[in-house]
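Quick notes on the structure that follows.
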Amino acid sequence: MIDKLEMFIALVRERHFGRAAESIGVTQPTLSSAIRQLEDQLNVQLVHRGSRFQGLTPEGERVHLLALRIVGDMRALREEMRAVRSDLEGTLRIGVIPTALPMVAELVSPYALRHPQVRFQIFSRTSVEILDQMDRLDLDAGITYLDADARRRRTVLPLYAERYRLLVSVSDPLAARDRIGWHELGGEQLCLLTPDMQNRAIVDRHLAAAGITPRAQVESNSIIALVAHVMSGKWASVVPEKLAGMFVSAGAIAAVPISGGRGHPEGEGEDKGEPVGLVMVQREPLTPLLAALSDVARQLAV
């Protein structure tokens with residue numbers, strides 16, 4: 001039954017019989033047969049059938065929610081039993097917002113030192129994708145902004161406050177500044193993340209609060225692309241402090257602290273920053289792998 005539920009979850013995720021079968025390493029006939037057997041066992045139709053996948057029936061939607069819970073509990077049980085027999089082992093799949101990627105090694109390194117049998121898969125994802133993929137059991141944990149959506153029905157542990165720096169070429173006159181105000185960025189040629197990224201929404205709110213209409217001549221969902229434009233000397237960008245530190249050390253870029261954020265008058269100190277933290281599915285008790293991750297996160301939190 002568990003195997004059939006996992007195949008059903010894969011079908012809902014991929015919305016295509018062939019891709020679902022490939023994703024879990026079985027043939028398409030095997031997957032199709034498993035879904036039909038599951039329908040027979042439950043005595044309901046789960047999938048609207050035609051020449052291709054056409055979605056779930058109302059009963060299928062309900063079964064999918066229950067399947068996610070049952071499969072999640074079974075995975076947790078297997079993990080508990082492995083932990084009883086030996087040191088922790090398995091794979092932790094962690095989704096991380098792009099602006100938090102520079103700090104992931106701070107979390108993974110001490111964990112790996114304590115539990116060398118654990119493997120890690122780190123995926124760069126938007127905040128929306130992280131929460132969605134955690135709900136679908138595709139991710140075990142996430143590092144993202146701790147907004148209301150992230151806190152809803154999830155266990156969260158704050159890690160740090162995201163503060164911002166103006167990234168400019170070292171040849172730019174602004175590179176010599178000790179600090180710059182958000183209200184001074186109106187005349188800069190900005191390159192920023194694309195509007196679908198939560199970090200961009202945060203930067204836009206800071207600019208709007210300073211009386212500046214948020215706009216960027218160049219937009220990208222790649223931090224590397226933004227940095228390349230800054231290095232050309234023609235553009236500036238606003239990036240989180242931790243991210244800026246990775247590129248300043250190369251010597252071609254300067255990172256100027258930005259003051260006068262939302263809630264602070266122009267020219268005064270930095271705002272408190274956006275909370276970023278570890279997000280896990282709410283479960284009591286946490287699985288052994290996630291409990292160990294939680295312990296490391298608490299020690300890392302600043």
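The values are calculated or read from the model by the stated rules, or taken from the named source; none is laboratory data. Every value quoted in this text rests on a predicted model; they were computed, and no experiment measured them. Please note: Cβ atoms are built from the backbone with ideal geometry, for glycine as well, and neighbour counts cover all protein chains shown.
Worth a mention:
- Whichever residue in segment 142-185 is of a type in the set (Val, Ile, Thr) and surrounded by fewer than 21 Cβ atoms within 10 Å (Cβ to Cβ) and, among such residues, is nearest to VAL104 (Cα to Cα): VAL156
- Among (1) over 25 Å from VAL239 (Cβ atoms); (2) in contact with a Gly (Cβ under 7 Å, 6 or more places away or on another chain) - the single one TYR111 does not satisfy: (2)
- Matching option when the condition is modelled with pLDDT of 85 or more, surrounded by 14 or more Cβ atoms within 10 Å (Cβ to Cβ) and in the same structural domain as LEU286 (by TED's automatic domain parsing), among LEU113, LEU139: LEU139
- Subset of segment 156-211 that is without any contact (Cβ under 8 Å) to a residue 40 or more places away in the chain and of a type in the set (D, E, K, R) - its residue that is nearest to ILE97 (Cα to Cα): ARG200
- Residues that are under 30 Å from the mean Cα position of the chain (by Cα) and either surrounded by fewer than 14 Cβ atoms within 10 Å (Cβ to Cβ) or in a helix (DSSP H, G or I) (or both) do occur in segment 36-55.
- Scan of segment 118-128 for residues that are in contact with a strand residue (DSSP E or B) (Cβ under 8 Å, 6 or more places away or on another chain) and surrounded by fewer than 18 Cβ atoms within 10 Å (Cβ to Cβ), ordered by number: ARG119, PHE120, GLN121, ILE122, PHE123, SER124
- ARG78, sole failed condition from (1) farther than 26 Å from VAL238 by Cβ; (2) at pLDDT 90 or above; (3) in a helix (DSSP H, G or I): (2)
- Of the residues examined, VAL12 is one that is under 28 Å from ASP196 (Cα atoms), assigned to a helix (DSSP H, G or I) and either in the same structural domain as ILE223 (by TED's automatic domain parsing) or not charged (D, E, K, R) (or both).
- Search result, residues across segment 89-110 that are more than 14 Å from ALA301 (Cα to Cα) and part of a helix (DSSP H, G or I): PRO98, THR99, LEU101, PRO102, SER109
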